[in-house]
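One structure is given here, and the rest of the page talks about it.
The values are calculated or read from the model by the stated rules, or taken from the named source; none is laboratory data. Nothing here was measured: the structure is a model prediction, and the numbers come from that model. Every residue, glycine among them, receives a Cβ derived from its backbone with ideal geometry; neighbour counts consider all protein chains shown. We work out accessible area using only protein heavy atoms, side chains counted, and drop any ligands, DNA or RNA first. Shrake-Rupley method; radii C 1.70, N 1.55, O 1.52, S 1.80 Å.
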Amino acid sequence: MTTVLGLPPHAPDAGTAAVRRGPRPLSLVCKLCHAPHPPIASATCEECLGPLEPAYPAGRALPSAATIAARPPSLWRYREWLPFEDEPVVSLDTGCTPLLDSPALARRLGVARVWVKNDAVSHPSLSFKDRVVATALNAALGLGLGTVGCASTGNLANAVAAQAARAGLPAWIFIPDDLEVAKVVGTAVYNPRLVRVRGTYDDVNRLCSQVADRYGWGLVNINLRGYYGEGSKTMAFEIAEQLGWRLPTAVVAPMAGGSLLTKLEKGFREFTEAGLVSGAAPRLYGGQASGCAPIVHLVERGGDTLVPVMPDTIARSIAIGNPADGRFAAGAIRATGGWAAGVSETALVDGIKLLAETTGVFTETAGGVTVAAALVLAESGRLRPEDEVVLCITGNGLKTVEALQGALPDAPIIAPRIRDLEAQYGHHL
Ligand SMILES: *Cc1c(COP(=O)(O)O)cnc(C)c1O
Ligand SMILES: [Zn+2]
């Protein structure tokens with residue numbers, strides 16, 4: 001066995017043939033009953049079936065802002081808050097996407113400032129799922145798992161396929177059979193096993209839970225979910241650092257399984273606890289398409305019981321009817337004094353166009369939901385004139401061009417002659 005970046009190798013866990021080729025993952029702890037678990041490929045507490053999370057050693061040494069700022073520009077600059085004892089070995093260059101000031105959008109929303117966190121240009125697969133896959137693949141290698149995979153609404157498929165290809169790991173990708181063409185092609189090109197399942201994402205997810213147990217694979221959002229989710233925190237860390245080590249007053253993000261929203265809260269809290277930022281936690285706002293809004297309903301109704309729905313929306317990447325972290329997302333929204341908004345299909349398409357026209361960023365349907373939700377929240381007075389708002393733009397518009405069918409003005413074709421140009425456009429020239 002070779003050493004990992006000069007560190008001595010750890011012995012594989014007793015009783016398994018697994019060979020560790022990655023960083024040692026942190027132990028896990030149940031989020032509900034706090035029962036400790038060793039580092040394992042399971043996301044479920046053996047005592048109470050609650051979700052497992054990495055347990056960070058209390059009193060570990062934390063870096064200063066200056067130390068972080070001097071590190072290479074990837075999400076690993078925040079490694080003390082990522083779930084490993086030593087250095088990552090794959091997916092080293094994900095993270096550090098742009099944060100764009102958007103005065104035009106601020107005027108449109110009637111708030112003081114708007115920034116767009118642009119994960120539409122995330123490396124390597126153009127969505128925020130690159131973050132969670134970066135942590136999950138290192139966990140898979142650290143646990144000695146030789147095969148990885150996922151259940152996906154599209155972007156996760158792209159991210160696992162791309163990063164597994166580069167890492168030289170075999171990947172099994174499970175998707176619903178009717179995803180957008182670019183999401184299918186943008187997975188198949190990396191040549192994983194691509195399994196198209198007749199059914200919804202929730203059907204695919206159920207199948208994958210059985211697959212993970214049966215074959216001992218690392219399915220990043222199923223049995224590696226405790227390690228996977230931590231990658232999302234880096235979006236909060238980057239926002240705080242890019243604002244000059246301070247917090248916005250409000251953040252709007254799209255919700256699918258509810259993990260990103262939940263982990264944004266955790267990320268801002270951890271940076272506050274570490275003394276890297278100060279002041280009130282940002283109010284967190286979640287957006288969903290009205291055709292699949294179980295978390296919005298939970299926020300509006302109150303209580304603890306999420307009622308699953310049958311998804312019916314063009315926002316396929318966030319069409320999860322039974323979200324694994326829905327309760328926690330609603331909890332994070334309540335705890336920070338935020339709210340949630342469901343938006344119509346027309347409104348989300350208008351949101352895509354508004355972001356493009358005001359900010360020069362082309363997002364997919366989920367980003368359209370973010371922008372449309374921000375408009376609803378501004379109109380209802382939940383976003384206020386003094387607010388400094390970050391909009392989380394989580395995916396790239398070239399992956400969901402179908403959404404704009406018939407929504408853009410026609411561009412007539414002319415002959416290559418001035419006469420034809422003037423005949424067509426004379427009144428504009
Ligand atoms: C997966 C996804 C989300 C939200 O994911 P969570 O499951 O809520 O963490 C948001 N936007 C895009 C584009 C996604 O692919
Ligand atoms: Zn438990």
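Of everything in the stretch 146-166 that is surrounded by fewer than 24 Cβ atoms within 10 Å (Cβ to Cβ) and outside any helix (DSSP H, G or I), the residue that is modelled with the lowest pLDDT is Gly146. Of all residues in the stretch 110-120, none satisfies the criterion of being out of contact with any strand residue (DSSP E or B) (no Cβ under 7 Å at 6 or more places or on another chain) and in a helix (DSSP H, G or I).
Among the candidates Asp304, Asp350, single out the residue that is without any contact (Cβ under 8 Å) to a residue 60 or more places away in the chain and within 27 Å of Ala106 (Cβ to Cβ).
Numbers: Asp304 fails: within 27 Å of Ala106 (Cβ to Cβ).
The conditions single out Asp350.
One line per residue, one yes/no per condition, for (1) assigned by TED's automatic domain parsing to the domain that holds Tyr215; (2) at positive phi; (3) assigned to a helix (DSSP H, G or I):
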| site | (1), (2), (3) |
| --- | --- |
| Pro23 | no, no, no |
| Cys33 | yes, no, no |
| Ile40 | yes, no, no |
| Glu47 | yes, no, no |
| Ala61 | no, no, no |
| Arg71 | yes, no, no |
| Glu80 | yes, no, yes |
| Asp86 | yes, no, no |
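Filter the stretch 127-145 down to the residues that are open to solvent by less than 10 Å² (accessible area, probe 1.4 Å) and in contact with a helix residue (DSSP H, G or I) (Cβ under 6 Å, 6 or more places away or on another chain) and list them by number. Result: Ser127, Asp130, Arg131, Val132, Val133, Ala134, Thr135, Ala136, Leu137, Ala139. Going by what's in this entry, would Val133 be described as farther than 23 Å from Leu276 by Cα, assigned to a loop (DSSP other than H, G, I, E, B) and in contact (Cβ under 8 Å) with a residue 12 or more places away in the chain? Taking the combined requirement at face value, the residue does not satisfy it.
Scanning the stretch 170-183 for residues that are open to solvent by 10 Å² or more (accessible area, probe 1.4 Å) and in contact (Cβ under 8 Å) with a residue 40 or more places away in the chain gives Trp172, Leu179, Glu180, Val181, Ala182.
Scanning for something over 17 Å from the mean Cα position of the chain (by Cα), closer than 30 Å to Thr249 by Cα and surrounded by 21 or more Cβ atoms within 10 Å (Cβ to Cβ), does the stretch 115-126 turn up at least one residue? Outline the logic, then answer.
Taking the stretch 115-126 first, the residues over 17 Å from the mean Cα position of the chain (by Cα) are 115.
So of that shortlist, the ones also closer than 30 Å to Thr249 by Cα come out as 115.
Okay, now just the ones that are also surrounded by 21 or more Cβ atoms within 10 Å (Cβ to Cβ), so 115.
Scanning the stretch 115-126, I find at least one residue that is over 17 Å from the mean Cα position of the chain (by Cα), closer than 30 Å to Thr249 by Cα and surrounded by 21 or more Cβ atoms within 10 Å (Cβ to Cβ), so the answer is yes.
When you check Gly291 against the structure, is it more than 13 Å from ligand 1 (Cβ to nearest atom), open to solvent by less than 30 Å² (accessible area, probe 1.4 Å) and either in a helix (DSSP H, G or I) or not small (Gly, Ala, Ser) (or both), yes or no?
For Gly291, the condition - more than 13 Å from ligand 1 (Cβ to nearest atom), open to solvent by less than 30 Å² (accessible area, probe 1.4 Å) and either in a helix (DSSP H, G or I) or not small (Gly, Ala, Ser) (or both) - is met.
Between Ala65, Ala41, which is of a type outside the set (Val, Ile, Thr) and either under 23 Å from the mean Cα position of the chain (by Cα) or modelled with pLDDT under 95 (or both)? The conditions single out Ala41.
Scanning the stretch 328-366 for residues that are part of a strand (DSSP E or B) and either away from ligand 1 (no atom under 16 Å from the Cβ) or open to solvent by less than 10 Å² (accessible area, probe 1.4 Å) (or both) gives Trp339, Ala340, Ala341, Val343, Thr363. For Val309, the test of being open to solvent by less than 30 Å² (accessible area, probe 1.4 Å) and touching a helix residue (DSSP H, G or I) at 6+ places or on another chain (Cβ under 9 Å) is failed.
With respect to Gly149, is the statement that it is outside the structural domain of Gly367 (by TED's automatic domain parsing), in contact (Cβ under 8 Å) with a residue 40 or more places away in the chain and touching a Ser or Thr at 6+ places or on another chain (Cβ under 8 Å) true?
Details: outside the structural domain of Gly367 (by TED's automatic domain parsing): yes; in contact (Cβ under 8 Å) with a residue 40 or more places away in the chain: yes; touching a Ser or Thr at 6+ places or on another chain (Cβ under 8 Å): no.
No; evaluated as a whole, the condition is false for this residue.
Could you tell me whether the stretch 187-200 includes any residue that is surrounded by fewer than 15 Cβ atoms within 10 Å (Cβ to Cβ), assigned to a helix (DSSP H, G or I), at pLDDT 95 or above and of a type in the set (Val, Ile, Thr)? There is no residue in the stretch 187-200 that is surrounded by fewer than 15 Cβ atoms within 10 Å (Cβ to Cβ), assigned to a helix (DSSP H, G or I), at pLDDT 95 or above and of a type in the set (Val, Ile, Thr).
Selection of the stretch 367-403 for residues being assigned to a helix (DSSP H, G or I) and within 14 Å of ligand 1 (Cβ to nearest atom) yields Gly367, Gly368, Val369, Thr370, Val371, Ala372, Ala373, Gly397, Leu398, Lys399, Ala403. Of the residues making up the stretch 272-288, those that are surrounded by fewer than 24 Cβ atoms within 10 Å (Cβ to Cβ) and either hydroxyl-bearing (Ser, Thr, Tyr) or in contact (Cβ under 8 Å) with a residue 40 or more places away in the chain (or both) number 6.
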